[in-house]
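Everything on this sheet refers to the single structure shown next.
Derivation of every value follows stated rules applied to the coordinates shown; laboratory data play no part. Please read all numbers here as calculations on a predicted model, not as lab measurements. Cβ sites come from the backbone with ideal geometry, for glycine too, and all protein chains shown count toward neighbours.
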């Protein structure tokens, strides 16, 4: 039996189904300790939490749109559970408390990150020092992407100790039906309407596409945020070019129909370590145009295959959009590729990655070993190629460690 404790910020809808699956895994006793029920800037509607869990008393500091949790109550919560392995999914003080408890009690520790070698380039020396200290005292490593694996190996972690637990959507729920009606919108922007998501840029892309294609273009905004009034005002000034509809905040059950009503998903983010909305769009069969600042690029979005990766230049985005809207065979090819690529990002894979990492951690202890001479190191680029080809057996091996 593996008694597995996870220290996590909040229960996001794209991780709850994974925890539910881990809890149903034979030989695993899961308990998740959450710092908060919901952070103030989140409006998620959650699926049922079908696993043992604890919500700690909320203590956090707001830093822009981020929340820094510091819950000393995590110590008695961990003591009460008697874990064999402890997973922490970040580097907030509460996560550090969880790591320190594991280290003091000689319990194997597993860090879990959504970050990548790109997203953490600008970290300070202090942040890097903390990560180096933790990684040297951890038994196995979990990341949401191959970019996360590259992050770990940049700190000297052996690839054999790295496991993937991808961020996922409910692919089946978003799958378009065979009798899908004609598209209502050319574009959909589905995210928080905040500066970091560039909603005004999405509107500019729609307007430039309309000029080039010679007709009114329709765009759907699904989401809410501080820029909503400004985007509405800008949209009103483009009434001759762009027909804009604002859905507002969308409940999880509404999202599949919203994505399916559009032809192209626009994701002009300024910084996203992944971008689960892209999973949703791909699962709905949409081509995606995305900025280079999202973790999904080169993994879930392949330039020229199921979407385009473009700098934030409205003309470039409009040029790609015109191709997709004018060439039906290209659109269908990109749509099929989106469905193919996203089919490998499932809650079952996410749960299996966590379970595999934690069983290794339990069997090998908490020390971080040096690479052993003669032991084959995984080729990350080869794994990515195998994964994206969709070979089921090879793809499973790519999402789990070769050293078990």
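What list do you get for 79, 362 if you sort them by fewest beta carbons within 10 Å? It would help to have the intermediate numbers written out before the result.
Values: 79 11, 362 20.
The order, fewest Cβ neighbours first, is 79, 362.
Tell me whether segment 133-217 comes out rounded, prolate or oblate; compute the Cα gyration tensor, take square roots of the eigenvalues as a ≥ b ≥ c, and use a/c under 1.5 as the rounded threshold.
Values: a/c = 3.78, a/b = 2.10, b/c = 1.80.
Since a/c reaches 1.5 and a/b is larger than b/c, the shape of segment 133-217 is classed as prolate.
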* **Helix axis angle, 125-135 relative to the chain longest principal axis, alpha carbon, degrees** => 60 degrees
* What nm value, rounded to one decimal, do you get for the distance between residue 183 and residue 312 when each label is placed 7 Å out toward the C-beta? -> 2.4 nm
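What 222 nm value per residue comes from the helices of the chain, counting each DSSP H run with n ≥ 4 as -39,500 (n - 2.57) and dividing by all residues, nearest 500 deg cm²/dmol? Intermediate values should be presented prior to the final figure.
Details: 15 runs with 153 residues, N = 404.
That calculation yields -11000 deg cm²/dmol at 222 nm.
Assuming a ≥ b ≥ c are the square roots of the Cα gyration tensor eigenvalues, decide whether segment 1-160 counts as rounded (a/c under 1.5), prolate (otherwise, with a/b larger than b/c) or oblate. Could you put the intermediate results ahead of the total?
Working: a/c = 1.37, a/b = 1.15, b/c = 1.19.
In terms of gyration-tensor shape, rounded.
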* To do: Could you line up 70, 349, 109 from fewest to most neighbouring Cβ atoms inside 10 Å?
  => 70, 349, 109
* Among 343, 119, 326, determine the one that fluctuates most according to a GNM of the chain built with springs between C-alpha atoms less than 10 Å apart. => 326
* **Global geometry of segment 171-342, whether rounded, prolate or oblate, following the gyration tensor of its Cα atoms and the 1.5 cut on a/c** => rounded
* To do: Report the calculated FRET efficiency for residue 133 and residue 348 (r = Cβ-Cβ distance, R0 = 25 Å), to the nearest 0.05.
  => 0.15
* Structure fact -> Expressed in angstrom and ordered largest first, the alpha-carbon extents of segment 174-254 along the principal axes are 36, 32, 17
* Asked: Say we join alpha carbon atoms closer than 10 Å with springs in a Gaussian network model of the chain; which of 235, 351, 281 then has the biggest fluctuation?
  -> 235
* Asked: Debye sum, Cα scatterers, segment 38-91, no solvent: what log₁₀ I/I(0) at q = 0.13, 0.17, 0.24, 0.27 1/Å?
  -> -0.44, -0.76, -1.24, -1.29
* Tell me, what is the Rg over Rh of the chain, with Rh the Kirkwood radius over Cα pairs? -> 0.98
* Rounded tilt (10° steps) of 314-326 against the dominant C-alpha axis of the chain -> 70 degrees
